[in-house]
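Let me begin by presenting the structure, written as structure tokens, before commenting on it.
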């Protein structure tokens with residue numbers, strides 16, 4: 001008869017955040033497997049974007065994530081259309097240009113051209129959600145849920161008054 005081996009649980013330090021305790025317990029090697037955002041090379045991505053997912057086409061989401069990953073602390077980036085196409089594995093630039101226009105129409109980005117270069121400003125997703133609400137695509141109940149989330153995150157709510 002085999003003798004069961006009991007593996008002792010690591011004892012977390014007092015004051016260890018709950019999710020870190022869970023990670024240490026369930027994924028003991030996680031520290032060597034995850035990207036350490038404290039070392040740089042990391043951008044924040046708004047939790048609110050998850051409420052937009054069902055409204056975005058896959059190519060729009062891909063482009064939005066790409067642009068967000070390229071932004072600096074001012075939410076500005078300026079990759080060339082050729083560079084975007086290359087990094088996204090697209091054969092031509094016409095799809096890139098079309099998707100950029102779709103993101104502008106959705107109030108997710110703004111573009112400006114200066115001295116032959118296109119600049120992108122990635123917008124707060126509240127603008128896109130407000131537009132969806134104003135167009136009747138986002139129901140009042142869902143907007144209420146989004147505003148509850150914004151309140152928890154200590155961000156201003158989206159105005160529910162249509163234009």
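Which of the residues spanning region 73-82 are over 17 Å from residue 114 (Cβ atoms) and over 18 Å from the mean Cα position of the chain (by Cα)?
Listed by number, the list holds a single entry, 82.
From the list 52, 48, 64, which one is touching a residue at least 24 places away in the same chain (Cβ under 8 Å) and in contact with a strand residue (DSSP E or B) (Cβ under 8 Å, 6 or more places away or on another chain)?
Testing whether each residue is touching a residue at least 24 places away in the same chain (Cβ under 8 Å) and in contact with a strand residue (DSSP E or B) (Cβ under 8 Å, 6 or more places away or on another chain) leaves just 64.
Determine which single condition residue 159 fails, assuming it passes every other condition in (1) assigned to a loop (DSSP other than H, G, I, E, B); (2) at pLDDT 95 or above.
Result: residue 159 passes all but (2).
So residue 137 fits all but one of (1) assigned to a loop (DSSP other than H, G, I, E, B); (2) surrounded by 14 or more Cβ atoms within 10 Å (Cβ to Cβ); (3) touching a residue at least 40 places away in the same chain (Cβ under 8 Å); what number is the exception?
The failed condition is (2).
Taking region 140-154 on its own, how many of its residues are in contact (Cβ under 8 Å) with a residue 24 or more places away in the chain and in a loop (DSSP other than H, G, I, E, B)?
The total comes to 1.
Could you tell me whether residue 75 is surrounded by 13 or more Cβ atoms within 10 Å (Cβ to Cβ), modelled with pLDDT under 95 and either in contact with a strand residue (DSSP E or B) (Cβ under 8 Å, 6 or more places away or on another chain) or within 25 Å of residue 42 (Cβ to Cβ) (or both)?
For residue 75, the condition - surrounded by 13 or more Cβ atoms within 10 Å (Cβ to Cβ), modelled with pLDDT under 95 and either in contact with a strand residue (DSSP E or B) (Cβ under 8 Å, 6 or more places away or on another chain) or within 25 Å of residue 42 (Cβ to Cβ) (or both) - is met.
Can you name every residue in region 101-132 that is in a helix (DSSP H, G or I), free of Cβ contacts under 8 Å to residues at least 40 places away in the same chain and either within 19 Å of residue 83 (Cα to Cα) or touching a strand residue (DSSP E or B) at 6+ places or on another chain (Cβ under 8 Å) (or both)?
Once the filter is applied, which keeps residues that are in a helix (DSSP H, G or I), free of Cβ contacts under 8 Å to residues at least 40 places away in the same chain and either within 19 Å of residue 83 (Cα to Cα) or touching a strand residue (DSSP E or B) at 6+ places or on another chain (Cβ under 8 Å) (or both), region 101-132 yields 101, 104.
Give 20, 61, 48 a once-over and let me know the one that is assigned to a helix (DSSP H, G or I), surrounded by 16 or more Cβ atoms within 10 Å (Cβ to Cβ) and modelled with pLDDT under 95.
48
The values are calculated or read from the model by the stated rules, or taken from the named source; none is laboratory data. On a predicted model such as this, the values are computed, not experimentally measured, just so you know. Glycine also receives a Cβ, built like all others from the backbone with ideal geometry; neighbour counts cover every protein chain displayed.
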